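Readers should treat all values here as calculations from the given coordinates under stated rules, not as data from a laboratory. Just so we're clear, the structure is a prediction, and the values are computed from it rather than from any experiment.
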Amino acid sequence: MQDHVAGALAGAIATAPMTVVMTSLRRRLPGARLQAIPPRQITRNVAAKAGLAKALDAEQLSAATYGAHVGYGAAVGAAYPIFASRVGGPPALAGALFGLLVWGGSYLGWLPATGILRSATREPAGRNVMMIGAHLVWGAATALIFEATRSAARGEERSQRGAALHEASR
């Protein structure tokens, strides 16, 4: 399997534990529960900018939120193999660092720059702890899933080569 495809798959799957952490921390941290979780806010704000906000009912907004969140996880996860090849180290640690960079690039970078969300510097501490924690989990999960996917693909390739060699030796 191509590394970028494995990274995309890993990033998409890693949105599940990320969402669990985000939801759990949102209930526990002061300042985190004051607003909807960021994927929902982002989707709602993008829909408003596109003139679609009034056309979406609550169910459609939820579906769009989950689809966009998984899609963004996949898109950014596709870049993980490049990052990992340059950083090295234990996958979970490299992945957590990658997740932290994704958080910073998003919540301190492109989201406020495009007017989709305000900067994380203007958010309550609890909300930032929630989102940083969720991104650390997403990054670590992305890295571990990527490594497992890549290892499984390599094992399958070795198995196929071994079968071909065995067949050729008959």
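Calculated from the structure at hand, Kirkwood radius over Cα pairs in Å is found among (i) 22.1; (ii) 16.8; (iii) 17.3 as (iii).
Evaluating 6.51 cos²θ - 1.76 cosθ + 1.60 at θ = phi - 60° for every residue in the stretch 112-126, the Karplus couplings come out as x, 5, 8, x, 7, 9, 6, 4, 4, 5, 9, 9, x, 4, x Hz, glycine and proline recorded as x.
Dividing the mean sequence gap of close Cα pairs (under 8 Å, 6+ apart) by how many residues the stretch 22-96 holds gives a relative contact order of 20 percent.
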